[in-house]
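The values are calculated or read from the model by the stated rules, or taken from the named source; none is laboratory data. For clarity, every value in this text was computed on a predicted model and none was experimentally measured. All Cβ positions, glycine included, derive from the backbone under ideal geometry; neighbour counts span all protein chains shown. The protein model used for the area step is the full one, side chains on, heavy atoms only, and it has no ligands, DNA or RNA in it. Shrake-Rupley method; radii C 1.70, N 1.55, O 1.52, S 1.80 Å.
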Amino acid sequence: MASKIAYQGEPGANSNIACQQMFPDMESVPCASFEDAFELVTSGEAELAMIPIENSIAGRVADIHILLPQSNLQIVGEYFLPIHFDLLGIPGSTIEGATEVHSHIHALGQCRKLIREHGLKPVIAGDTAGSAREVAEWNDPRKLSLAPPLAADIYGLKVLASRVEDDPSNTTRFVVLAREKALPVRDELPGPAVTSFVFRVRNVPSALYKALGGFATNGVNMTRLESYMVGNEFAATMFMADVEGHPEDLPLKLALEELDFFTTEVRILGVYAAADYRAAAATA
(Lines give C-alpha, C1' and ligand atoms only; values in the text may rest on other atoms or scores of the structure.)
Protein backbone atom coordinates (compact mmCIF):
# COMPACT_ATOMS: atom_id res chain seq x y z
CA MET A 1 0.00 0.00 0.00
CA ALA A 2 1.37 3.41 -0.99
CA SER A 3 2.14 5.86 1.78
CA LYS A 4 -0.10 8.93 1.89
CA ILE A 5 0.44 12.68 1.66
CA ALA A 6 -2.39 15.01 2.69
CA TYR A 7 -3.24 18.36 1.13
CA GLN A 8 -5.95 21.00 1.51
CA GLY A 9 -8.30 21.33 -1.43
CA GLU A 10 -10.16 19.22 -3.94
CA PRO A 11 -8.60 16.82 -6.47
CA GLY A 12 -6.95 18.83 -9.22
CA ALA A 13 -5.89 21.71 -6.97
CA ASN A 14 -2.38 23.14 -7.14
CA SER A 15 -1.58 21.42 -3.86
CA ASN A 16 -2.54 18.12 -5.51
CA ILE A 17 -0.17 18.91 -8.40
CA ALA A 18 2.65 19.72 -5.95
CA CYS A 19 2.12 16.37 -4.21
CA GLN A 20 2.24 14.44 -7.49
CA GLN A 21 5.32 16.23 -8.75
CA MET A 22 7.39 15.98 -5.56
CA PHE A 23 6.12 12.59 -4.36
CA PRO A 24 4.82 10.70 -7.43
CA ASP A 25 4.80 7.36 -5.59
CA MET A 26 2.65 8.56 -2.70
CA GLU A 27 -1.15 8.60 -2.58
CA SER A 28 -2.44 12.18 -2.47
CA VAL A 29 -5.33 12.63 -0.01
CA PRO A 30 -7.58 15.73 -0.32
CA CYS A 31 -8.73 17.47 2.88
CA ALA A 32 -11.36 20.13 3.45
CA SER A 33 -9.11 22.31 5.63
CA PHE A 34 -5.50 22.78 6.68
CA GLU A 35 -6.43 21.50 10.13
CA ASP A 36 -7.78 18.28 8.61
CA ALA A 37 -4.53 17.78 6.70
CA PHE A 38 -2.51 18.37 9.88
CA GLU A 39 -4.69 15.90 11.78
CA LEU A 40 -4.12 13.13 9.23
CA VAL A 41 -0.38 13.45 9.79
CA THR A 42 -0.68 13.78 13.57
CA SER A 43 -2.86 10.65 13.76
CA GLY A 44 -0.53 8.66 11.52
CA GLU A 45 -3.10 8.21 8.75
CA ALA A 46 -0.79 10.15 6.43
CA GLU A 47 2.98 10.31 6.49
CA LEU A 48 3.27 13.85 5.14
CA ALA A 49 1.27 16.99 4.36
CA MET A 50 1.86 19.45 1.51
CA ILE A 51 0.90 22.95 2.64
CA PRO A 52 1.15 26.24 0.69
CA ILE A 53 2.85 28.90 2.76
CA GLU A 54 3.40 31.86 0.43
CA ASN A 55 2.76 33.03 -3.12
CA SER A 56 4.96 35.35 -5.15
CA ILE A 57 1.96 37.57 -6.00
CA ALA A 58 -0.60 37.13 -3.20
CA GLY A 59 1.90 36.92 -0.33
CA ARG A 60 1.50 34.62 2.62
CA VAL A 61 -1.31 32.12 2.75
CA ALA A 62 -3.93 33.22 5.27
CA ASP A 63 -3.78 31.64 8.75
CA ILE A 64 -0.75 29.45 8.04
CA HIS A 65 1.51 31.62 10.20
CA ILE A 66 -0.75 30.80 13.15
CA LEU A 67 -1.75 27.23 12.32
CA LEU A 68 1.73 25.93 11.51
CA PRO A 69 3.41 26.69 14.86
CA GLN A 70 0.37 25.29 16.68
CA SER A 71 0.29 22.06 14.68
CA ASN A 72 3.26 20.42 16.46
CA LEU A 73 4.37 19.18 13.06
CA GLN A 74 7.84 19.65 11.62
CA ILE A 75 8.88 21.11 8.27
CA VAL A 76 10.94 18.47 6.46
CA GLY A 77 11.03 19.88 2.94
CA GLU A 78 9.89 22.58 0.53
CA TYR A 79 8.63 22.74 -3.03
CA PHE A 80 8.16 25.65 -5.44
CA LEU A 81 5.33 25.23 -7.95
CA PRO A 82 4.84 27.54 -10.95
CA ILE A 83 1.15 28.45 -10.95
CA HIS A 84 -0.77 28.07 -14.22
CA PHE A 85 -4.49 28.43 -14.83
CA ASP A 86 -6.55 27.10 -17.73
CA LEU A 87 -9.97 28.34 -18.73
CA LEU A 88 -12.28 25.33 -18.61
CA GLY A 89 -15.82 24.63 -19.74
CA ILE A 90 -18.08 21.67 -20.42
CA PRO A 91 -17.70 19.95 -23.82
CA GLY A 92 -19.29 22.12 -26.49
CA SER A 93 -18.88 25.38 -24.59
CA THR A 94 -17.11 28.45 -26.02
CA ILE A 95 -15.59 31.57 -24.53
CA GLU A 96 -17.87 33.71 -26.69
CA GLY A 97 -20.96 31.96 -25.38
CA ALA A 98 -19.97 32.17 -21.71
CA THR A 99 -21.10 34.83 -19.23
CA GLU A 100 -19.46 33.78 -15.93
CA VAL A 101 -16.10 32.49 -14.76
CA HIS A 102 -15.80 30.77 -11.38
CA SER A 103 -12.68 30.28 -9.25
CA HIS A 104 -10.89 31.09 -6.02
CA ILE A 105 -10.56 34.82 -5.35
CA HIS A 106 -6.78 34.71 -5.86
CA ALA A 107 -7.10 32.95 -9.21
CA LEU A 108 -9.66 35.49 -10.41
CA GLY A 109 -7.32 38.29 -9.35
CA GLN A 110 -4.40 36.69 -11.18
CA CYS A 111 -6.31 36.35 -14.47
CA ARG A 112 -7.88 39.81 -14.74
CA LYS A 113 -6.77 40.43 -18.33
CA LEU A 114 -8.63 37.45 -19.74
CA ILE A 115 -11.73 38.17 -17.66
CA ARG A 116 -11.88 41.79 -18.86
CA GLU A 117 -11.05 40.91 -22.46
CA HIS A 118 -14.03 38.57 -22.76
CA GLY A 119 -16.43 40.51 -20.52
CA LEU A 120 -16.92 37.61 -18.12
CA LYS A 121 -18.50 38.03 -14.71
CA PRO A 122 -16.08 36.76 -12.02
CA VAL A 123 -17.75 34.59 -9.38
CA ILE A 124 -15.80 33.61 -6.26
CA ALA A 125 -15.58 29.91 -5.38
CA GLY A 126 -13.97 28.32 -2.38
CA ASP A 127 -11.37 26.43 -4.38
CA THR A 128 -9.95 26.47 -7.92
CA ALA A 129 -10.42 22.75 -8.50
CA GLY A 130 -13.76 22.92 -6.70
CA SER A 131 -14.95 25.48 -9.24
CA ALA A 132 -14.07 23.03 -12.03
CA ARG A 133 -16.08 20.30 -10.33
CA GLU A 134 -19.05 22.65 -9.96
CA VAL A 135 -18.92 23.71 -13.62
CA ALA A 136 -18.94 20.05 -14.62
CA GLU A 137 -21.90 19.38 -12.32
CA TRP A 138 -23.90 22.41 -13.53
CA ASN A 139 -23.40 21.33 -17.17
CA ASP A 140 -24.08 24.92 -18.26
CA PRO A 141 -22.03 26.22 -21.22
CA ARG A 142 -22.40 29.79 -19.94
CA LYS A 143 -20.33 29.02 -16.83
CA LEU A 144 -16.56 28.52 -17.02
CA SER A 145 -13.84 27.75 -14.50
CA LEU A 146 -10.31 29.01 -13.93
CA ALA A 147 -8.44 26.02 -12.56
CA PRO A 148 -5.10 24.19 -12.70
CA PRO A 149 -4.55 22.00 -15.79
CA LEU A 150 -5.02 18.76 -13.82
CA ALA A 151 -8.64 19.69 -13.07
CA ALA A 152 -9.65 19.40 -16.75
CA ASP A 153 -8.69 15.72 -16.84
CA ILE A 154 -10.28 14.91 -13.49
CA TYR A 155 -13.65 16.54 -14.20
CA GLY A 156 -13.88 15.91 -17.95
CA LEU A 157 -13.81 19.56 -18.97
CA LYS A 158 -12.69 21.18 -22.22
CA VAL A 159 -9.65 23.49 -22.19
CA LEU A 160 -10.75 26.72 -23.87
CA ALA A 161 -7.50 28.58 -23.18
CA SER A 162 -4.22 27.55 -21.52
CA ARG A 163 -1.94 29.43 -19.14
CA VAL A 164 -4.16 32.49 -18.91
CA GLU A 165 -2.52 33.92 -15.76
CA ASP A 166 -1.43 37.57 -16.05
CA ASP A 167 2.06 36.94 -14.62
CA PRO A 168 3.94 33.87 -15.90
CA SER A 169 6.36 34.09 -12.96
CA ASN A 170 3.56 33.37 -10.46
CA THR A 171 4.91 30.75 -8.03
CA THR A 172 3.71 29.20 -4.78
CA ARG A 173 6.06 27.86 -2.14
CA PHE A 174 4.88 24.76 -0.27
CA VAL A 175 6.30 23.21 2.87
CA VAL A 176 6.23 19.48 3.55
CA LEU A 177 5.20 18.57 7.10
CA ALA A 178 5.78 15.40 9.10
CA ARG A 179 5.43 14.30 12.70
CA GLU A 180 8.09 15.73 14.98
CA LYS A 181 11.41 13.93 15.15
CA ALA A 182 15.04 14.79 15.79
CA LEU A 183 16.27 17.56 13.52
CA PRO A 184 18.60 16.28 10.79
CA VAL A 185 22.31 16.69 11.52
CA ARG A 186 24.46 18.60 9.06
CA ASP A 187 25.80 15.48 7.34
CA GLU A 188 22.25 14.39 6.49
CA LEU A 189 21.81 17.56 4.41
CA PRO A 190 25.02 17.76 2.38
CA GLY A 191 23.74 20.57 0.19
CA PRO A 192 22.25 24.00 1.04
CA ALA A 193 19.86 23.95 3.99
CA VAL A 194 17.01 26.14 5.18
CA THR A 195 16.08 26.66 8.83
CA SER A 196 12.59 27.88 9.74
CA PHE A 197 11.74 29.18 13.20
CA VAL A 198 9.44 31.44 15.21
CA PHE A 199 10.49 33.84 17.94
CA ARG A 200 9.14 36.49 20.29
CA VAL A 201 11.29 39.50 21.16
CA ARG A 202 11.69 40.96 24.63
CA ASN A 203 9.69 44.08 25.47
CA VAL A 204 12.62 46.47 25.28
CA PRO A 205 13.46 49.35 22.90
CA SER A 206 14.88 48.26 19.51
CA ALA A 207 14.42 44.60 20.47
CA LEU A 208 13.75 43.39 16.91
CA TYR A 209 16.69 45.38 15.51
CA LYS A 210 18.98 43.89 18.13
CA ALA A 211 17.59 40.38 17.69
CA LEU A 212 18.24 40.44 13.95
CA GLY A 213 21.66 42.03 14.23
CA GLY A 214 23.37 38.68 14.70
CA PHE A 215 22.21 37.46 11.31
CA ALA A 216 23.67 40.52 9.59
CA THR A 217 27.02 40.46 11.42
CA ASN A 218 27.43 36.73 10.80
CA GLY A 219 26.49 36.93 7.13
CA VAL A 220 23.35 34.79 7.38
CA ASN A 221 20.79 35.43 4.64
CA MET A 222 17.23 35.75 5.96
CA THR A 223 14.84 34.94 3.10
CA ARG A 224 11.57 35.43 4.96
CA LEU A 225 10.42 37.42 8.00
CA GLU A 226 6.79 37.96 8.96
CA SER A 227 5.09 39.20 12.10
CA TYR A 228 1.73 38.25 13.57
CA MET A 229 -0.18 38.99 16.74
CA VAL A 230 -0.47 36.38 19.47
CA GLY A 231 -4.12 35.76 20.30
CA ASN A 232 -5.91 39.09 20.82
CA GLU A 233 -2.95 40.83 22.40
CA PHE A 234 -1.72 43.85 20.47
CA ALA A 235 1.38 43.94 22.68
CA ALA A 236 2.52 40.39 21.96
CA THR A 237 4.07 39.85 18.55
CA MET A 238 5.57 36.67 17.13
CA PHE A 239 7.86 36.50 14.12
CA MET A 240 8.25 33.66 11.64
CA ALA A 241 11.52 33.49 9.74
CA ASP A 242 13.42 31.40 7.19
CA VAL A 243 17.20 31.62 6.94
CA GLU A 244 19.75 29.94 4.74
CA GLY A 245 21.93 27.47 6.57
CA HIS A 246 21.93 24.70 9.17
CA PRO A 247 22.02 25.44 12.93
CA GLU A 248 25.33 23.55 13.09
CA ASP A 249 26.90 25.97 10.58
CA LEU A 250 28.99 28.37 12.65
CA PRO A 251 27.51 31.62 11.24
CA LEU A 252 23.93 30.49 11.91
CA LYS A 253 24.88 28.98 15.27
CA LEU A 254 26.29 32.32 16.42
CA ALA A 255 23.30 34.24 15.03
CA LEU A 256 20.83 32.00 16.88
CA GLU A 257 22.80 32.40 20.11
CA GLU A 258 22.53 36.18 19.78
CA LEU A 259 18.84 35.90 18.89
CA ASP A 260 18.23 33.92 22.07
CA PHE A 261 19.63 36.78 24.16
CA PHE A 262 17.02 39.26 22.88
CA THR A 263 13.97 36.98 22.81
CA THR A 264 11.66 35.29 25.28
CA GLU A 265 10.92 32.36 22.98
CA VAL A 266 12.61 30.70 20.01
CA ARG A 267 11.33 27.51 18.41
CA ILE A 268 12.74 25.83 15.33
CA LEU A 269 9.97 24.60 13.02
CA GLY A 270 12.25 22.63 10.74
CA VAL A 271 15.66 22.18 9.14
CA TYR A 272 15.53 20.84 5.60
CA ALA A 273 17.20 20.76 2.20
CA ALA A 274 16.80 23.90 0.13
CA ALA A 275 14.80 23.34 -3.05
CA ASP A 276 16.72 23.54 -6.33
CA TYR A 277 14.40 26.40 -7.29
CA ARG A 278 16.26 28.72 -4.90
CA ALA A 279 19.58 28.33 -6.71
CA ALA A 280 17.94 28.71 -10.11
CA ALA A 281 16.08 31.85 -9.01
CA ALA A 282 19.26 33.36 -7.58
CA THR A 283 21.04 33.10 -10.93
CA ALA A 284 18.07 34.12 -13.11
Whether any residue in the stretch 243-259 is over 28 Å from Asp63 (Cβ atoms), outside any loop (DSSP other than H, G, I, E, B) and among the β-branched types (Val, Ile, Thr) is what I want to check. no
Among (1) modelled with pLDDT under 95; (2) at negative phi; (3) open to solvent by less than 30 Å² (accessible area, probe 1.4 Å), there is one condition Val61 misses while meeting the rest; what is its number? (3)
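To keep it simple, each residue is scored yes or no on (1) open to solvent by less than 60 Å² (accessible area, probe 1.4 Å); (2) part of a strand (DSSP E or B); (3) of a type in the set (D, E, K, R); (4) out of contact with any strand residue (DSSP E or B) (no Cβ under 8 Å at 6 or more places or on another chain).
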residue: Ile66; (1), (2), (3), (4): no, no, no, no
residue: Gly77; (1), (2), (3), (4): yes, yes, no, no
residue: Phe80; (1), (2), (3), (4): yes, yes, no, no
residue: His84; (1), (2), (3), (4): yes, no, no, yes
residue: Ala98; (1), (2), (3), (4): yes, no, no, no
residue: Gly126; (1), (2), (3), (4): no, no, no, yes
residue: Gly130; (1), (2), (3), (4): yes, no, no, yes
Of all residues in the stretch 1-39 being polar (S, T, N, Q), surrounded by fewer than 18 Cβ atoms within 10 Å (Cβ to Cβ) and under 20 Å from Arg179 (Cα atoms), which is farthest from the chain's Cα centre (by Cα)? Ser3
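Can you tell me which residue in the stretch 86-96 is surrounded by the most Cβ atoms within 10 Å (Cβ to Cβ), limited to those that are closer than 24 Å to Ser15 by Cα and over 25 Å from the mean Cα position of the chain (by Cα)?
Per the stated criteria, the residue is Gly89.
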Take the stretch 218-244 and flag every residue that is of a type in the set (S, T, N, Q) and modelled with pLDDT of 90 or more. Asn218, Asn221, Thr223
Mind counting the residues in the stretch 100-112 that are among the charged types (D, E, K, R) and in contact with a strand residue (DSSP E or B) (Cβ under 6 Å, 6 or more places away or on another chain)? 1
If we keep only residues of the stretch 132-180 that are hydroxyl-bearing (Ser, Thr, Tyr), in contact with a helix residue (DSSP H, G or I) (Cβ under 9 Å, 6 or more places away or on another chain) and not in a strand (DSSP E or B), then the residue surrounded by the most Cβ atoms within 10 Å (Cβ to Cβ) is Tyr155
Residues of the stretch 43-58 being open to solvent by less than 10 Å² (accessible area, probe 1.4 Å) and not in a strand (DSSP E or B), which ones? Ala46
Within the stretch 108-129, how many residues turn out to be in contact with an Asp or Glu (Cβ under 9 Å, 6 or more places away or on another chain), aliphatic (A, V, I, L, M) and within 14 Å of Ala147 (Cα to Cα)? 4
Of (1) within 18 Å of the chain's Cα centre (by Cα); (2) at pLDDT below 95; (3) not hydrophobic (A, V, I, L, M, F, W, C), Ser206 satisfies all except one. Which? (1)
Test result for Ser196, among the polar types (S, T, N, Q) and in contact (Cβ under 8 Å) with a residue 60 or more places away in the chain: yes
Restricting attention to the stretch 267-279, does a residue exist that is of a type in the set (Phe, Trp, Tyr) and either in contact with a helix residue (DSSP H, G or I) (Cβ under 7 Å, 6 or more places away or on another chain) or open to solvent by 50 Å² or more (accessible area, probe 1.4 Å) (or both)? yes
Inside the stretch 245-266, the number of residues satisfying the requirement of being in contact with a helix residue (DSSP H, G or I) (Cβ under 8 Å, 6 or more places away or on another chain) and of a type in the set (D, E, K, R) is 4
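Tell me, yes or no, whether the stretch 231-243 has at least one residue that is acidic (Asp, Glu), buried (at least 18 other Cβ atoms within 10 Å of the Cβ) and touching a residue at least 40 places away in the same chain (Cβ under 8 Å).
Checked the stretch 231-243: at least one residue is acidic (Asp, Glu), buried (at least 18 other Cβ atoms within 10 Å of the Cβ) and touching a residue at least 40 places away in the same chain (Cβ under 8 Å).
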Of all residues in the stretch 100-121, which are without any contact (Cβ under 8 Å) to a residue 24 or more places away in the chain, open to solvent by less than 70 Å² (accessible area, probe 1.4 Å) and under 20 Å from Ile57 (Cα atoms)? Ile115
